[in-house]
1. Order of 104-113, 33-42 by packing, highest average Cβ count within 10 Å first?
2. Expected output is a single nm value to one decimal: the length gained when fully extending between LYS111 and THR32, i.e. 0.36 nm times separation in residues minus the C-alpha distance. What is it?
3. Can you pull out the GluC sites (Glu not before Pro) in the stretch 11-101 whose DSSP state is coil and whose Cβ has at most 15 other Cβ atoms within 10 Å?
4. Tabulate in residue order the Karplus-calculated ³J(HN,Hα) for the stretch 110-120, using 6.51 cos²θ - 1.76 cosθ + 1.60 with θ = phi - 60°, rounded to whole Hz; enter x for Gly and Pro.
5. Pull up all non-local amide H partners of LEU72: gap of 5 or more, or a different chain, and H-to-H distance under 5 Å with H placed in the peptide plane.
6. So the label point goes 7 Å from the Cα of ARG59 along Cα→C-beta, right? Which residues of the stretch 81-101 then have their backbone N under 16 Å from it?
7. Which of the aspartates and glutamates could a cross-linker bridge to LYS120, judged by Cα under 19 Å and excluding same-chain residues fewer than eight apart?
Amino acid sequence: MHISAKPGALNLLAVGIKMKVLLIEDSKFQRTANGRALIRAGYDVVYAADGDEGLGAARENSPDLILLDMMLPKVSGLDVLRALKADALVKHIPVVVLSGLGRANEAKLLKEGAAAFLMKSTESFEKNSSALIQALQNLLTGSKA
């Protein structure tokens, strides 16, 4: 898993404070695998299976961080990102984009307001989930991946 982030974008909370993560992912398998990994790592997790559900969950749950898949039904990941960043209630929440489409849109997504960009790995889901947790921990503590 490769990670790119804006400098200082996610220096959010002191280490040791349990964070709530909203995971917006349409793949039930990936949602479950990544959700379990997040829970094992000590995060509270809220799930959404499509863009509409994700927007509602962001407003209702006030997560500390949003993990956003780009390929979503109903509302695309890019449109979700734009809507989140235009909404005064949730625009402060860092959004980490998850994509398996390659790095071609990375600069655009960061410009649109994503705090970081994570490439989905072609490795096993277990390794991918571990890499996701490590990447989030690196972002949240200000370390470089």
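1. 33-42, 104-113
2. My answer for the length gained is 25.5 nm.
3. Filter output for the stretch 11-101: empty list.
4. Result, ordered by residue: 5, 5, 6, x, 5, 7, 7, 10, 10, 7, 5 Hz.
5. Correct list: GLY77.
6. Residues 81-93 qualify, since their backbone N sits under 16 Å from the label point.
7. Here the aspartates and glutamates satisfying the reach criterion relative to LYS120 are GLU25, ASP26, ASP50, ASP69, GLU106.
We did not get these values from a lab; they are worked out from the coordinates using the rules stated. All of these numbers come straight from a predicted model, not from anything done at the bench. Methodologically, a virtual Cβ is constructed for each residue, glycine included, from the backbone with ideal geometry; neighbour enumeration extends over all protein chains shown.
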